Amino acid sequence: MEQKEDLLKEIISHAKEYGFIFPSSEIYDGLSATYDYGQLGVELKNNIKTFWWKAMVQMHENIVGIDAAIFMHPKTWKASGHVDAFNDPLIDNKDSKKRYRADVLIEDYIEKIRQKIEKEVEKAQKRFGDAFDEEQFRSTNPNVLRNIEKIQSIEERMKSTLENNDLEGVYNLIVDLEIVCPLSGTKNWTEVRQFNLMFSTELGSVSGEASTIYLRPETAQGIFVNFLNVQKSGRMKIPFGIAQIGKAFRNEIVARQFIFRMREFEQMEMQFFCRPGEEMKWYQYWKDSRIKWHKSLGLGEKNYRFHDHLKLAHYANAACDIEFDFPMGFKELEGIHSRTDFDLKQHENLSGKKLQYFDPEINESYVPYVVETSVGLDRMFLSVLSSSYTVEKLADGSERTVLKIPFILTPNKVAILPLTKKDGLPEKANEIWNRLKFDFTCQYDEKDSIGKRYRRQDATGTAYCITIDHQTLEDNTVTLRHRDTMIQSRISADELLVKLSETCNWSNFLKEFD
Ligand code: GAP
């Protein structure tokens, strides 16, 4: 665990050093849980957005996108349930004065039991070697079974207390499990209270005429209130989806773990409107489709797992998370929710406007059911960054730090490096830069030795380095160096565009993914 925490620290410092992520308003000592994306961070972020948008909107004929306003009529949040029910159960430790989400304390406790199980399995694997039957071990070992039972019983208690808003029950669970404050190490807890997560502000400049409005806590509601506008203007037939990428804001009490939990973050959400009764089919479809999207990036199949929700949100009849193995362990990356007709019906009730669809195939009007996929862009960023960060020992005993970001996402596809600053090499390098700039983000670098320049490019994840030397002037060939294998090959400068397209071009990548 400690090793993993160190890894997160290393990644945070690497991200700052190389221009991926800076603490927000750092010159004023920063603002907690708020970050700025730097020159390379914004490129990676844009590429993640592009992949999502292309896979969800461009590659589905029945999905379109919108970009709704962040501010919405305050009744929106009454209708969605956020005013009354978007709360976190909070508990304070009286000694450290630190505030925690009660459910997170319990989940962390459960995670520790899970880790015990995994250690037990690992130990047995080492003991039995090739003869080890993991499935049999997990289903028969008394320690593993006892711990699984323990997890189940805690989860059941947590589910029932949270669902019934039984805050005393949540408190009792924390006391019974003897959970201690990670800071003070004591069990000196306050009672559990509910805390609304929405940021509010005042609309209007004249005192007295102002009314409270909220910064949206999810992008989804901008889609719901536009459901009929899009359906009618786009002549959409059910089933169809509306997608959106945008900022969301939550007054997270336990904002921590770098960009994993922020107060201002970005979501990539898609609401899929379907016939009532067909939502489970689409729920399964989107579960399969989204996990395929994630795995296609090649960050490691083992890094993903599904987690079915025990505590369903107020709007859902089925829900799961796609979890990723972050440096802090497996945590939610994306949510997939079957939201029934809850939101549209609520908006009908509060607005007094009908939000129904006439289905010509069955000659009936109805409020559609909705399956949503919602992935945090910043969490996607962290999943890519953390799984790409590698420190390698090289054959000559030296070390290199390399960000093995998938080529399609990496900020710079190519670095163009003239061997020296003279003899016409920079001019030739510029010529190549000018040819490639229309298709790929390229970086030009002529400072320091070529070895140092390679290291700098490795540290920022640049897919290829192109070195221009004196031979280039004679026969128009360059050295092309692959980031991961470090293999260098001599190819004609005229072949660069085709060669780079093989791995860095969207259409090639998407054809593989499809
Ligand atoms: N519209 C449904 C919805 O908002 P959610 O599970 O609350 O569902 C969806 O959020 C995704 O948004 C999460 O899976 C996570 O990736 C991201 N997310 C939520 N809160 C976040 C935060 N405070 N910081 C960064 N990302 C967050």
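The values are calculated or read from the model by the stated rules, or taken from the named source; none is laboratory data. In this text, all values refer to a predicted model and were calculated from it rather than measured experimentally. Glycine gets a Cβ as well: all are built from the backbone with ideal geometry, and neighbour counts include every protein chain shown. The accessibility values were calculated without ligands, DNA or RNA, using every heavy atom of the protein model including side chains. Shrake-Rupley method; radii C 1.70, N 1.55, O 1.52, S 1.80 Å.
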Step by step: first the residues of segment 231-282, then only those that are among the small types (Gly, Ala, Ser) and open to solvent by 10 Å² or more (accessible area, probe 1.4 Å), then the one that is nearest to the ligand (Cβ to nearest atom). Which residue is that? Ala255
Among Leu344, Leu299, which is the only one that is within 16 Å of the ligand (Cβ to nearest atom) and assigned to a loop (DSSP other than H, G, I, E, B)? Leu299
Boolean, Asp439 is touching a residue at least 12 places away in the same chain (Cβ under 8 Å) and under 28 Å from Trp282 (Cβ atoms): no
Give the residues of segment 134-189 that are polar (S, T, N, Q), open to solvent by 80 Å² or more (accessible area, probe 1.4 Å) and within 29 Å of Ala85 (Cβ to Cβ), sorted by residue number. Gln152, Asn164, Asn165
Have a look at Thr485, Thr479, Thr467, Thr462 and point out the one that is open to solvent by less than 40 Å² (accessible area, probe 1.4 Å) and either closer than 21 Å to Val384 by Cα or assigned to a helix (DSSP H, G or I) (or both). Thr462
Which numbered condition trips up Lys287, out of (1) basic (Lys, Arg); (2) at pLDDT 95 or above; (3) within 16 Å of the ligand (Cβ to nearest atom); (4) open to solvent by 50 Å² or more (accessible area, probe 1.4 Å)? (4)
Candidate set: segment 88-133, residues that are part of a helix (DSSP H, G or I) and among the β-branched types (Val, Ile, Thr); chosen: the one surrounded by the fewest Cβ atoms within 10 Å (Cβ to Cβ): Ile113
Here are the criteria: (1) at pLDDT 95 or above; (2) not in a loop (DSSP other than H, G, I, E, B). Tell me which single one Gly19 does not satisfy. (2)
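Can you tell me which residue among Lys247, Lys187, Lys232, Lys150 is free of Cβ contacts under 8 Å to residues at least 40 places away in the same chain and not in a helix (DSSP H, G or I)?
When all the criteria are applied, what remains is Lys187.
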Of Val384, Val375, which residue is assigned to a helix (DSSP H, G or I), crowded, with 19+ Cβ neighbours inside 10 Å, within 14 Å of the ligand (Cβ to nearest atom) and β-branched (Val, Ile, Thr)? Val384
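Looking at this structure, is Glu502 open to solvent by 80 Å² or more (accessible area, probe 1.4 Å) and more than 35 Å from the chain's Cα centre (by Cα)?
Details: open to solvent by 80 Å² or more (accessible area, probe 1.4 Å): yes; more than 35 Å from the chain's Cα centre (by Cα): no.
No; evaluated as a whole, the condition is false for this residue.
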Pair list, Cβ under 8 Å, 6 or more apart: segment 483-494 residue in contact (Cβ under 8 Å) with a residue 12 or more places away in the chain and closer than 15 Å to Phe407 by Cβ, other residue open to solvent by 60 Å² or more (accessible area, probe 1.4 Å) and outside any strand (DSSP E or B): Arg483/Lys404; Asp484/Lys404
Output for segment 30-43, where each listed residue is out of contact with any Ser or Thr (no Cβ under 7 Å at 6 or more places or on another chain), surrounded by 18 or more Cβ atoms within 10 Å (Cβ to Cβ) and assigned to a helix (DSSP H, G or I): Gly41
Of the residues in segment 28-60 that are among the hydroxyl-bearing types (Ser, Thr, Tyr) and farther than 17 Å from Leu297 by Cβ, the one that is farthest from the ligand (Cβ to nearest atom) is Tyr28
Could you say which residue among Glu218, Glu202 is outside any strand (DSSP E or B), among the charged types (D, E, K, R) and either touching a strand residue (DSSP E or B) at 6+ places or on another chain (Cβ under 7 Å) or within 12 Å of the ligand (Cβ to nearest atom) (or both)? Glu218
What number of residues in segment 419-438 are within 16 Å of Cys465 (Cα to Cα) and open to solvent by 50 Å² or more (accessible area, probe 1.4 Å)? 7
Would you be able to tell me the number of residues in segment 450-459 that are under 19 Å from Lys428 (Cβ atoms) and open to solvent by 40 Å² or more (accessible area, probe 1.4 Å)? 1
